[in-house]
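Peer 1: This is the structure, below, for whatever I ask next.
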């Protein structure tokens, strides 16, 4: 599985029952605390392995750091945050590479393993499937408010918890269930990544906006205009593939298109298993997880948005 698939990671088959998953991601800080930034960046990079149905085994640091303007202790804290998150995932940090740069950036290159017949992709969603989102939206909008010093301490703490949480539990809770398609929600927002799933599966996805979990402060900040440029770009890109009920307001659309960092999994699975999966997630403390829609038709690649 390579570039032609445009999936969450590359997959290379080594034997009939063993394949490697490879992915990489890094970015600039989105929270003030360097340790928490390291945790979030690592969780984000590890997420693509979980989205493919795999288990991460090794990771390598990627670090760009402005030594002349930033104390070395900041880099140490970032790397410690990343290391702790890699260990939480049950993987090993085996090296990495750093360069001096004018702008701080950090992330990981990650290798995972998966059985070739148990790979999850964006394709395969079936008519009648339930759509479940495992984390709430709104981190991009709150992060924008944080940069403008407008976010409350409670809102900042909430996005740190959401973005720093691994998708490990969400992936493992699918064991034994009939899963047809999976992707993780990151920079293209729910609409962008949902559209990728719809087009790869040649399906129509229906989202019920009122059922999509949203962090409490995000709607207020979005109504103030604190929407990232990337989120606006997401909405413009998706617009021609959307069928939006007139009762759905602009702020709601902005939230659905909000560019996420280390967001949750969007899972398309048999409706027979939706309550089982949701129950497993709730037992593990994932109180925001919700059934947000369904696959309503095949033969198209679009999204219908209802109130």
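The values are calculated or read from the model by the stated rules, or taken from the named source; none is laboratory data. This structure is a prediction, so every number in the text was calculated from the model and none was measured. Cβ coordinates were reconstructed from backbone atoms using ideal geometry, including for glycine residues, and neighbour counts include every protein chain displayed.
Peer 1: Could you grab the pairs with beta carbons closer than 7 Å, sequence gap of 6+ or different chains, first residue in segment 59-77 and at negative phi, second one surrounded by 14 or more Cβ atoms within 10 Å (Cβ to Cβ) and in a loop (DSSP other than H, G, I, E, B)?
Peer 2: Matching pairs, first to second residue: 59/91; 64/104; 65/104; 66/104; 70/104.
Peer 1: Could you check segment 189-224 and list, in sequence order, the residues that are part of a loop (DSSP other than H, G, I, E, B) and modelled with pLDDT of 95 or more?
Peer 2: Those that are part of a loop (DSSP other than H, G, I, E, B) and modelled with pLDDT of 95 or more: 202, 212, 213, 215, 217, 224.
Peer 1: I'm trying to understand the selection: among the residues of segment 275-303, which are part of a strand (DSSP E or B) and either buried (at least 19 other Cβ atoms within 10 Å of the Cβ) or touching a helix residue (DSSP H, G or I) at 6+ places or on another chain (Cβ under 9 Å) (or both)?
Peer 2: Within segment 275-303, 290, 291, 292, 293, 294, 295, 298, 302, 303 qualify.
Peer 1: Provide a single number: the residues in segment 13-43 that are farther than 18 Å from residue 75 by Cβ and touching a residue at least 40 places away in the same chain (Cβ under 8 Å).
Peer 2: Adding up the residues that qualify gives 12.
Peer 1: Output the residues belonging to segment 66-95 that are within 30 Å of residue 172 (Cα to Cα) and in a helix (DSSP H, G or I).
Peer 2: In the first step, residues of segment 66-95 are kept if they are within 30 Å of residue 172 (Cα to Cα); the result is 77-95.
Within segment 66-95, 77, 78, 79, 80, 81, 82, 83, 84, 85, 86, 87, 88 qualify.
Peer 1: Go through 37, 26 for me and flag whichever is closer than 18 Å to residue 187 by Cα and assigned to a strand (DSSP E or B).
Peer 2: Only one candidate passes the filter, namely 26.
Peer 1: Might you check whether a residue that is buried (at least 24 other Cβ atoms within 10 Å of the Cβ), touching a residue at least 60 places away in the same chain (Cβ under 8 Å) and more than 26 Å from residue 6 (Cβ to Cβ) occurs anywhere in segment 208-218?
Peer 2: Pass one, segment 208-218, residues buried (at least 24 other Cβ atoms within 10 Å of the Cβ): 218.
Adding the requirement that they be touching a residue at least 60 places away in the same chain (Cβ under 8 Å) leaves 218.
Restricting the remaining residues to those that are more than 26 Å from residue 6 (Cβ to Cβ) gives 218.
Looking for residues that are buried (at least 24 other Cβ atoms within 10 Å of the Cβ), touching a residue at least 60 places away in the same chain (Cβ under 8 Å) and more than 26 Å from residue 6 (Cβ to Cβ), one finds at least one in segment 208-218, hence yes.
Peer 1: Look at residue 40 and say whether it is outside the structural domain of residue 205 (by TED's automatic domain parsing), under 19 Å from the mean Cα position of the chain (by Cα) and modelled with pLDDT under 95.
Peer 2: Judged against the criteria, residue 40 is not a match.
Peer 1: So which of 155, 171, 165, 127 is touching a strand residue (DSSP E or B) at 6+ places or on another chain (Cβ under 6 Å) and either surrounded by 21 or more Cβ atoms within 10 Å (Cβ to Cβ) or closer than 23 Å to residue 267 by Cα (or both)? Outline the logic, then answer.
Peer 2: On the way: 155 fails: touching a strand residue (DSSP E or B) at 6+ places or on another chain (Cβ under 6 Å); 171 fails: touching a strand residue (DSSP E or B) at 6+ places or on another chain (Cβ under 6 Å); 165 fails: touching a strand residue (DSSP E or B) at 6+ places or on another chain (Cβ under 6 Å).
Sole residue among the options that is touching a strand residue (DSSP E or B) at 6+ places or on another chain (Cβ under 6 Å) and either surrounded by 21 or more Cβ atoms within 10 Å (Cβ to Cβ) or closer than 23 Å to residue 267 by Cα (or both): 127.
Peer 1: Give segment 108-124 a look and list any residue that's surrounded by fewer than 24 Cβ atoms within 10 Å (Cβ to Cβ), in contact with a strand residue (DSSP E or B) (Cβ under 6 Å, 6 or more places away or on another chain) and not in a loop (DSSP other than H, G, I, E, B), or say none.
Peer 2: Once the filter is applied, which keeps residues that are surrounded by fewer than 24 Cβ atoms within 10 Å (Cβ to Cβ), in contact with a strand residue (DSSP E or B) (Cβ under 6 Å, 6 or more places away or on another chain) and not in a loop (DSSP other than H, G, I, E, B), segment 108-124 yields 109, 111, 113, 114, 116.
Peer 1: Give me the pairs, please: first residue somewhere in segment 149-160 and assigned by TED's automatic domain parsing to the domain that holds residue 213, second residue anywhere and buried (at least 19 other Cβ atoms within 10 Å of the Cβ) and assigned to a helix (DSSP H, G or I), beta-carbon distance under 6 Å, and either six or more positions apart or on two chains.
Peer 2: Every condition considered, the pairs that remain are 151/142; 151/145; 155/142; 156/146; 159/139; 159/142; 160/36.
Peer 1: With the requirement that a residue be surrounded by fewer than 16 Cβ atoms within 10 Å (Cβ to Cβ) and farther than 24 Å from residue 43 by Cβ, what does segment 223-243 give you?
Peer 2: In the first step, residues of segment 223-243 are kept if they are surrounded by fewer than 16 Cβ atoms within 10 Å (Cβ to Cβ); the result is 223-225, 229, 232, 236-237, 239-240, 243.
Selection gives 223, 224, 225, 232, 236, 237, 239, 240, 243.
Peer 1: Does at least one position in segment 254-274 carry a residue that is buried (at least 20 other Cβ atoms within 10 Å of the Cβ), within 18 Å of residue 133 (Cβ to Cβ) and without any contact (Cβ under 8 Å) to a residue 60 or more places away in the chain?
Peer 2: No, the conditions are met nowhere in segment 254-274.
Peer 1: Yes or no: segment 136-147 includes at least one residue that is out of contact with any helix residue (DSSP H, G or I) (no Cβ under 6 Å at 6 or more places or on another chain), modelled with pLDDT under 95 and not assigned by TED's automatic domain parsing to the domain that holds residue 83.
Peer 2: Within segment 136-147 (the criterion being out of contact with any helix residue (DSSP H, G or I) (no Cβ under 6 Å at 6 or more places or on another chain), modelled with pLDDT under 95 and not assigned by TED's automatic domain parsing to the domain that holds residue 83), the answer is yes, since at least one residue qualifies.
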